[in-house]
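Student: One structure, pasted below without further comment.
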Protein chains: 2
Amino acid sequence: MKFTYQNPTQIIFGAGTISQLGEVVSANGKKALLVTGGGSVKRSGTFERAVSSLNAAGVSVVECSGIEPNPRLSTVVRGAEIARSEGCDVVVALGGGSTMDAAKVIAAAVFYDGDPWNMMFHVQENRKLPERALPIITVPTLAATGSEMNAGAVITDDKTTVKSFVSAKCMYPRVAIVDPELTVSVPKDQTAFGICDLITHVTESYFNGVDGTPLQDRFAEGVILTAMEWGPKAVADGRDLEARAQVQWASVVALNGWVQVGTLAAFPVHMIEHTLSAHHDIPHGAGLAVVNPAWMRFAARSNPARFAQFAERIFNISVRYPLDTEAVAEGINRFEAFLRSIGCPTRLSQVGIGDALLERYAHDTVLVAHDAEGHLPGRPSMSESDIVEVLRSVL
Amino acid sequence: MKFTYQNPTQIIFGAGTISQLGEVVSANGKKALLVTGGGSVKRSGTFERAVSSLNAAGVSVVECSGIEPNPRLSTVVRGAEIARSEGCDVVVALGGGSTMDAAKVIAAAVFYDGDPWNMMFHVQENRKLPERALPIITVPTLAATGSEMNAGAVITDDKTTVKSFVSAKCMYPRVAIVDPELTVSVPKDQTAFGICDLITHVTESYFNGVDGTPLQDRFAEGVILTAMEWGPKAVADGRDLEARAQVQWASVVALNGWVQVGTLAAFPVHMIEHTLSAHHDIPHGAGLAVVNPAWMRFAARSNPARFAQFAERIFNISVRYPLDTEAVAEGINRFEAFLRSIGCPTRLSQVGIGDALLERYAHDTVLVAHDAEGHLPGRPSMSESDIVEVLRSVL
C-alpha cells in the first residue's frame, strides 16, 4: 500500500446549513457565478434561499443556469465566458452532480489557456491539467455523485459524444455545504439512482483495487450497508430527513477519497456507463444500475474470492472457502435485487437502449480509457468484445 | 447529524517514503527543528536517514531531542526557545505520539504570547487557542496515536501532574510521512500498546457519540476488525511489513477524524488514563488497556444496545434483542481477552498502580474535563465516585 492523499475541502453538514452560504461565500469572493441546472432549484425555493443568503452577506450574483443532466463542453465554455465577462471571483454550484461538475470546470476554465477539452483524461497529445481555478463552493441538492467534496468532474463533448473526466488539485471545492433538507423534494427515481451511484463508487474500488487494502474494504462495506439500510427509507418517504441525511453522508464519503485511498482502482463500470449516457442522455445512476451487476458477473469469474467476501459481508451469505461460485452468484443476484427493489432499472431496454450500437459503445469507452493493449483498465481489463458481452447480457 | 470538518494534512504513506522527507520539508522551510524522543530513532538509524535526507535537500537541522514518553510543559517551552533562538522556520517530528504532540505545541508556542499552558483545554480563565504555528511535518515511528494527521496534542504540566490537551487549526501538520518500515523495530509490548491505543480512539466515539451516526459506526468497526486481524501478526513478527502497514494505516484513520466526524464524542477513557500516566508515567496504550474494558462494563449498564451491537458486529456473537446482557458481557470479555492475547495489561497492578490514590485520580480527571455538575463528560457522564468504582474493578 503506497499513496499520497490530501482533501482540503471543508464540509459543513446538516439540516439548515444552507443558511451559512452567504457567510461562507463572502469569505471567498464578492461576485458569485451561481451555477444551476434545470428549474428544480427554483421550483423548490432553494435558489431563492441561496440568493437571499448571498445578497445578505454582500455577495452579488450572476446566474449561469441550464446545466444539462450530462453537462456539455459548450455549456462549460459558456459559463466560463460569463464568469470572465462579469468579473466573477467565486463560483457557487447549486444542484446535483452535473451542476457541480460543470461549476468546477467553469472555475478552472476561467484561467485556462486554450480549449478546456484539453484538460480531459482521455486527451492523448498536449493534455494540460488546470493549475488555477476560481474558489468553488458546492451546495448539492441530490445525494449521489460525491462531487461536492472531491476534485473530479465529468463532461461530454456534444460534438463527438465523448464523455470524459478531469481531476485537478485546483478543482477541490473550498467548502461543501451539505444540507440534507435540500434533498427532500428529490423524486423517488432520482433518489434511487443516487443510491445506486454512491454504492457503485465504492464497488468500483472494492472490486478493481489492488490487493492488501483491508481497511478500505471495510469502509466500502460500511458505505454499502449504510446505503442499503437507509436508502429504501429515503425512497419510501422522501421527507424522512434522517434517511436523507444518512444517504447523503454516505454519498459524500463514497467518493471523497476515504474509501478509495491506496486502492489505485480504475472505474470500468463508470467508464462503460459514461458512454451510454453520452449517447442516450440517461441518468448516470440508472445506467450504473444496469451495468454494475452485469459487470460483476463478468469480473467475478476472474476474481471470485473478492466477490465471495462481498456476498458474505454484505448479504450474510455463508461461504464455503476457497471457492464458492454459488455464494458468489447469490451475492450479485441479491445486489441486483436490491437495486430493483428501490426502483432502479437493471436492463438496457428499461432505459430505452437496444442492441444496435453495442460495438460503438465498447469502442467509445475504450477510446476514453485504455491500457497498452487497448483494453479498458479494471480488474480484469476488458477488450471491446468483453464490453459488448457484458452489455448484451442485460439487454 | 450536524458538523463541520476539514483535515488539510497531506499524507504520504508507504514503505520507503521517509526518503521524501528532505524534499517535503524544503518546500516548507530551510531550517528545521528536528524533534525526537529518546534514543530509539538514533539506534535504529532513522535519525541519520532523516538528517541525510534533510541536508541533501538543503535544509539545515537543529536538534531538539529528549521528548519524554508523556511530554512535559517544560520540554515544550524549551523546544520553542530553541526554535526561536535558532531561527527555525519549520518543525519536523520524528518519533511516536509524544514526540509529535510536543512538536505541534512547540510549533505553536513559538508565536504564542504568554505561557503555552494557557492553550490547554482545561484552562478556565483566559484560555487562548494558538492561531499561528510554524509548518509542521510529522514522521511517526510508532503506529498508535494518530497524531501525525490531526491537530491535537496532549501535554503534562510537570509541576502539577495535570495532563491536558489542545487542538487548534494551526496545529494540523502540513504533511505526514507515514513509512511503516520505521515501525519494524518497535518492540512487542509497545506494538501491542499502540494497537490498544488506536482501537480505543474509535471505541471512544463508538460508545460515547450521539445516536444516528450509522456510517461512523461501520467505520469504527472496520478499524477495530482490521486492527484485530493484523495487530496480532505485527506483534508476533515485528518484521512483517504488511502487518505493520495495515496496523499503521488503521492508526492514522482511527484519529484523523474520519471515524469521529459528527459523533460529538467525549473521550472519558482517555481522560481517566491521562491521569494515570501523568502520575505514574506508564505507557498511554497500556493504561488504556486497563481502563477501557473496565469502563465498558460500567457504561454498558446504561447503554446496552450499543454494546450488543459491538458484540454482534465485532465478535459475531448472536444477540437476542432488545436486551441481551449475556451477549453484552461476552463482547466485552472477548475484547479484554484480545488485549491480553497481544500482551496488554488489563489490571492496574500489572502497571504498578495500587489503590492508594484512586480518589486523587478521579479528582484530577474531573479537574481537566467536567460538565456543569462536575462530572466527567461521556455516555454516561461519570461522578468522581463512578471513576473510583471503575478503577477499583481492575485493581
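Student: Pull out all pairs, ordered by first then second residue, where Cβ-Cβ is under 6 Å, the residues are six or more apart or on different chains, the first lies in the stretch B:140-156 and is at negative phi, and the second is of a type in the set (Lys, Arg).
Tutor: Correct list of pairs: B:ALA153/B:LYS104; B:THR156/B:ARG72; B:THR156/B:LYS163.
Student: Sticking with this one: Look at A:GLN309 and say whether it is within 14 Å of chain B (Cβ to nearest Cβ), more than 25 Å from A:LEU142 (Cβ to Cβ) and either part of a helix (DSSP H, G or I) or at pLDDT 95 or above (or both).
Tutor: Criteria met by A:GLN309.
The rows are residues; the columns are (1) out of contact with any Lys or Arg (no Cβ under 9 Å at 6 or more places or on another chain); (2) in a helix (DSSP H, G or I); (3) touching a residue at least 12 places away in the same chain (Cβ under 8 Å).
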position	(1), (2), (3)
A:GLY262	no, no, yes
A:HIS270	yes, yes, yes
A:SER277	no, yes, yes
A:ALA286	yes, yes, yes
A:VAL290	no, yes, yes
A:PRO293	yes, yes, yes
A:PHE298	yes, yes, yes
A:SER302	no, no, yes
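Student: Checking the condition over 19 Å from A:THR145 (Cβ atoms), among the aromatic types (Phe, Trp, Tyr) and in the same structural domain as A:SER383 (by TED's automatic domain parsing), which residue from A:PHE207, A:PHE219 passes?
Tutor: Being over 19 Å from A:THR145 (Cβ atoms), among the aromatic types (Phe, Trp, Tyr) and in the same structural domain as A:SER383 (by TED's automatic domain parsing) holds for just one of A:PHE207, A:PHE219, which is A:PHE207.
Student: Next question. Do we have B:ALA143 as aliphatic (A, V, I, L, M) and more than 14 Å from chain A (Cβ to nearest Cβ) here?
Tutor: no
Student: For B:GLU86, only one of the following conditions fails: (1) touching a helix residue (DSSP H, G or I) at 6+ places or on another chain (Cβ under 9 Å); (2) more than 14 Å from chain A (Cβ to nearest Cβ). What is its number?
Tutor: Failing condition for B:GLU86: (1).
Student: Please go through the stretch A:338-395 and give me each residue that is β-branched (Val, Ile, Thr) and either assigned to a helix (DSSP H, G or I) or surrounded by fewer than 14 Cβ atoms within 10 Å (Cβ to Cβ) (or both), ordered by number.
Tutor: Those that are β-branched (Val, Ile, Thr) and either assigned to a helix (DSSP H, G or I) or surrounded by fewer than 14 Cβ atoms within 10 Å (Cβ to Cβ) (or both): A:VAL351, A:THR365, A:VAL366, A:VAL368, A:ILE387, A:VAL388, A:VAL390.
Student: Can you find a residue that is buried (at least 24 other Cβ atoms within 10 Å of the Cβ), under 17 Å from A:THR263 (Cβ atoms), facing chain A (nearest Cβ under 7 Å) and among the aliphatic types (A, V, I, L, M) anywhere in the stretch B:242-249?
Tutor: Yes, some residue in the stretch B:242-249 is buried (at least 24 other Cβ atoms within 10 Å of the Cβ), under 17 Å from A:THR263 (Cβ atoms), facing chain A (nearest Cβ under 7 Å) and among the aliphatic types (A, V, I, L, M).
Student: Has the stretch B:250-260 got at least one residue that is facing chain A (nearest Cβ under 9 Å), among the aromatic types (Phe, Trp, Tyr) and assigned to a helix (DSSP H, G or I)?
Tutor: no
Student: Moving on to the next point. Name every residue in the stretch A:262-276 that is surrounded by fewer than 24 Cβ atoms within 10 Å (Cβ to Cβ) and of a type in the set (A, V, I, L, M), in order of residue number.
Tutor: Of everything in the stretch A:262-276, those that are surrounded by fewer than 24 Cβ atoms within 10 Å (Cβ to Cβ) and of a type in the set (A, V, I, L, M) turn out to be A:LEU264, A:ALA265, A:ALA266.
Student: Given the condition of a type outside the set (D, E, K, R), part of a loop (DSSP other than H, G, I, E, B) and at pLDDT below 95, answer yes or no: does some residue in the stretch A:89-112 qualify?
Tutor: no
Student: Then there's this: Is there a residue in the stretch B:295-313 that is under 29 Å from B:ASP158 (Cβ atoms) and out of contact with any helix residue (DSSP H, G or I) (no Cβ under 7 Å at 6 or more places or on another chain)?
Tutor: Within the stretch B:295-313, not a single residue is under 29 Å from B:ASP158 (Cβ atoms) and out of contact with any helix residue (DSSP H, G or I) (no Cβ under 7 Å at 6 or more places or on another chain).
Student: To continue, here is another question. What is the residue count in the stretch B:235-251 for residues that are within 19 Å of the chain's Cα centre (by Cα) and among the small types (Gly, Ala, Ser)?
Tutor: Going through the stretch B:235-251 one residue at a time, the tally reaches 3.
Student: Hey, another quick one. On the basis of being out of contact with any Pro (no Cβ under 7 Å at 6 or more places or on another chain) and buried (at least 24 other Cβ atoms within 10 Å of the Cβ), does B:LEU225 make the cut?
Tutor: no
Student: Go through A:THR226, A:THR213, A:THR161, A:THR203 for me and flag whichever is on the phi > 0 side of the Ramachandran plot and not hydrophobic (A, V, I, L, M, F, W, C).
Tutor: A:THR161
Student: Does any residue of the stretch B:277-286 turn out to be within 14 Å of chain A (Cβ to nearest Cβ), within 25 Å of B:THR141 (Cβ to Cβ), surrounded by fewer than 24 Cβ atoms within 10 Å (Cβ to Cβ) and more than 12 Å from the chain's Cα centre (by Cα)?
Tutor: The answer is no; no qualifying residue exists.
Student: I'm checking my understanding of the structure. Among residues of the stretch A:200-218 that are within 13 Å of chain B (Cβ to nearest Cβ) and in a helix (DSSP H, G or I), which one is surrounded by the most Cβ atoms within 10 Å (Cβ to Cβ)?
Tutor: Ranking the candidates gives A:VAL202 first.
Student: Has the stretch A:222-232 got any residue that is part of a helix (DSSP H, G or I), over 23 Å from A:SER167 (Cβ atoms), more than 13 Å from every other protein chain (Cβ to nearest Cβ) and touching a residue at least 24 places away in the same chain (Cβ under 8 Å)?
Tutor: yes
Student: Name the strands (runs of 3 or more DSSP E) wholly inside the stretch B:1-83 in which the number of residues that are modelled with pLDDT of 95 or more and more than 14 Å from chain A (Cβ to nearest Cβ) is 1 or more.
Tutor: B:31-36, B:60-64
Student: (1) touching a helix residue (DSSP H, G or I) at 6+ places or on another chain (Cβ under 6 Å); (2) touching a residue at least 60 places away in the same chain (Cβ under 8 Å); (3) over 30 Å from B:THR275 (Cβ atoms); (4) of a type in the set (Ser, Thr, Tyr): which one isn't true of B:THR9, the others all being true?
Tutor: So the condition that B:THR9 fails would be (3).
Student: Does B:ALA57 fit the bill of being surrounded by 19 or more Cβ atoms within 10 Å (Cβ to Cβ) and under 19 Å from B:ALA176 (Cβ atoms)?
Tutor: no
Let's see how each residue does on (1) among the acidic types (Asp, Glu); (2) in contact with a Ser or Thr (Cβ under 8 Å, 6 or more places away or on another chain); (3) closer than 19 Å to A:ASP386 by Cα; (4) at pLDDT below 95:
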site: A:VAL252; (1), (2), (3), (4): no, no, no, no
site: A:LEU255; (1), (2), (3), (4): no, yes, no, no
site: A:VAL259; (1), (2), (3), (4): no, yes, no, no
site: A:LEU264; (1), (2), (3), (4): no, no, no, no
site: A:HIS270; (1), (2), (3), (4): no, yes, yes, no
site: A:THR275; (1), (2), (3), (4): no, yes, yes, no
site: A:ALA278; (1), (2), (3), (4): no, yes, no, yes
site: A:ALA286; (1), (2), (3), (4): no, no, no, no
site: A:ALA289; (1), (2), (3), (4): no, yes, yes, no
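The values are calculated or read from the model by the stated rules, or taken from the named source; none is laboratory data. Here the structure is a predicted model, which means the values were calculated and not measured. Because the Cβ atoms are built from the backbone with ideal geometry, glycine has one as well, and the counts that use them run over all protein chains shown.
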